[in-house]
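Here the structure is laid out as C-alpha cells; the discussion comes afterwards.
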Amino acid sequence: MQNINKYSKFIPYLYFLAVIVYWFTDVNRSEGITAYPILLFAIPFLWQLVKPNKKLNFTLGISFVCLSSYMILAYLSDLFNIVHVTSQTKHFMVYGGLFVVANFIMALWMIRNSLNRSF
C-alpha cells in the first residue's frame, strides 16, 4: 500500500506523457519530420518525474485545468451541434468525452499534489 501511495503522485505526468507520445506518433505518420516539435511539450512532465518542483507542478496544473475547461466547453458545443448520429459519431462522443474528463481529472490531481504534498 505504501508503494501505491508513493507512486500515485506520478500518474498525471505519465498520463500526459502518454498523450503526448500518442499525439506525436499520430502526427509523425502523416506529417513526418515536422512532428518532432510536439516532443517539446513532454519536457516539463519529464522534469517533474526527474526533479519535482512545486511551482512548476502548480503552474502545469492550473494551465491544464484551464485548457481542460475549454476542451469541455468545446466538446459539449460539438456534442449539441451533431445532427446525424452514426456509429462513428457515437464512438467519437464516447472516446472524446473520456479524453476530456481524464484530462480534467489529471490536471486537478496535479494541483492537489502541489497543494497537499511536498515532493
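Annotations for the structure displayed:
- Where region 1-100 is the region considered: accessible area per residue in Å², 1.4 Å probe: 73
- Computed about the Cα centre, the dipole magnitude for the chain is approximately 620 debye when only Lys and Arg (+1) and Asp and Glu (-1) carry charge, each at its Cβ.
- Here is the tail figure for region 39-85: Cα pairs spaced more than 18 Å apart come to 49 percent of all pairs.
- Restricting attention to the chain, lysine pairs at least eight places apart or on different chains and with alpha-carbon atoms under 18 angstrom apart total 5.
- For the peptides 50-58, 13-21, the ranking by mean Cβ contacts within 10 Å, running from highest to lowest, is 13-21, 50-58.
- DSSP H segments from the chain that extend 24 Å or more along their own axis, Cα-based, with Kyte-Doolittle mean of -0.5 or above: 11-31, 54-80, 87-116
- Here the chain exposes an accessible surface that is 69 percent carbon and sulfur, computed with a 1.4 Å probe and the other protein chains kept in place.
- Global form of region 77-119, assessed from the alpha-carbon gyration tensor, a/c cut-off 1.5: prolate
- Modelled spin labels at ASP78 and MET93, positioned 7 Å past Cα toward Cβ, are 1.4 nm from each other.
- Heavy-atom accessible area, probed at 1.4 angstrom with all protein chains present, ranks ILE33, ILE111, ILE11 as ILE33, ILE11, ILE111, highest first.
- Diffusion coefficient, µm² s⁻¹, Stokes-Einstein with Kirkwood Rh over alpha-carbon pairs of region 7-89 at 4 °C and 1.567 mPa s: 86
- Placing HIS84, HIS91 in order of accessible area, with the largest value first and a 1.4 Å probe, yields HIS84, HIS91.
The values are calculated or read from the model by the stated rules, or taken from the named source; none is laboratory data. On a predicted model such as this, the values are computed, not experimentally measured, just so you know. For neighbour counting, all protein chains shown are included, and Cβ atoms are generated from backbone atoms with ideal geometry for every residue, glycine included. Ligands, DNA and RNA are excluded from the accessible area calculation, which covers all protein heavy atoms including side chains. Shrake-Rupley method; radii C 1.70, N 1.55, O 1.52, S 1.80 Å.
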